[in-house]
There are 2 protein chains.
Amino acid sequence: MLTQLETAMDTMIRTFHRYSSKEGDRFKLSKGELKLLLQQELTEFLSCQKDPQLVDKIMQDLDANKDNRVDFNGFVVMVAALTVACNDYFVELKEKGK
Amino acid sequence: MLTQLETAMDTMIRTFHRYSSKEGDRFKLSKGELKLLLQQELTEFLSCQKDPQLVDKIMQDLDANKDNRVDFNGFVVMVAALTVACNDYFVELKEKGK
């Protein structure tokens with residue numbers, strides 16, 4: 001029986017592999033797979049982003065070895081960075097509401 | 001309506017604050033809060049660890065500014081590192097089962 005936090009970790013792994021296995025290297029995200037993952041799984045985040053170059057920029061940031069693919073480490077770094085940004089927003093709201 | 005991945009991010013934020021707010025600085029984990037979080041939320045992980053110094057070691061690794069507290073960034077780095085380790089294990093199993 002997994003705890004909520006363990007379930008969250010499991011979700012990150014399963015989500016990555018659901019998209020990375022669609023085409024090509026099944027353990028890495030191509031640009032198409034990354035775009036689909038962002039559109040379908042980070043809907044809220046993308047809905048406030050109007051930058052048409054966003055997927056390209058994220059790919060450049062996360063593609064450490066420049067093979068035009070994002071591995072699991074890169075994906076987790078992205079999710080961690082987004083979570084820190086969400087937390088900063090949450091803390092700011094809490095501080096204001098003191 | 002959050003996606004599964006967004007729910008996972010939300011779980012990380014809520015789990016951290018459930019423990020960090022128990023005593024002292026409500027936006028940071030003390031050593032006692034970190035120990036409780038590890039014991040109650042990462043049960044599977046801790047169950048295979050026999051090192052009595054583990055909590056001290058994790059605290060040292062994550063406590064970037066040496067104030068004996070772990071902030072949200074440190075916590076997310078820990079969860080990310082554990083998730084990458086779990087994924088490596090998962091990929092290894094998959095590769096063997098090819």
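Whether a residue is outside any helix (DSSP H, G or I) and over 24 Å from residue A:8 (Cα atoms) was assessed, and residue A:66 passes this test. Would you check which residues across the range B:44-98 are of a type in the set (Gly, Ala, Ser) and either within 12 Å of another protein chain (Cβ to nearest Cβ) or touching a Leu at 6+ places or on another chain (Cβ under 7 Å) (or both) and list them? B:47, B:74, B:80, B:81, B:85 - these are the residues of the range B:44-98 that are of a type in the set (Gly, Ala, Ser) and either within 12 Å of another protein chain (Cβ to nearest Cβ) or touching a Leu at 6+ places or on another chain (Cβ under 7 Å) (or both). Selection within the range B:68-96: residues that are of a type in the set (D, E, K, R) and touching a residue at least 12 places away in the same chain (Cβ under 8 Å). The member of this set that is nearest to residue A:26 (Cα to Cα) is B:71. Taking the range B:38-53 as the range and being touching a residue at least 12 places away in the same chain (Cβ under 8 Å) and not aromatic (Phe, Trp, Tyr) as the test, the residues that pass are B:38, B:41, B:42. Applying the set (1) out of contact with any Ser or Thr (no Cβ under 6 Å at 6 or more places or on another chain); (2) assigned to a helix (DSSP H, G or I); (3) at the interface with chain B (Cβ under 10 Å from one of its Cβ atoms) to residue A:1 leaves exactly one unmet item: (2). The number of residues in the range A:4-21 being within 7 Å of chain B (Cβ to nearest Cβ) and either in contact (Cβ under 8 Å) with a residue 60 or more places away in the chain or farther than 27 Å from residue B:39 by Cα (or both) comes to 1.
Laboratory data are not the source of any read-out in this text; all were calculated from the coordinates shown. Since we're looking at a predicted model, the values are computed, not measured. All Cβ positions, even for glycine, are placed from backbone atoms using ideal geometry, and neighbour counts span all protein chains on display.
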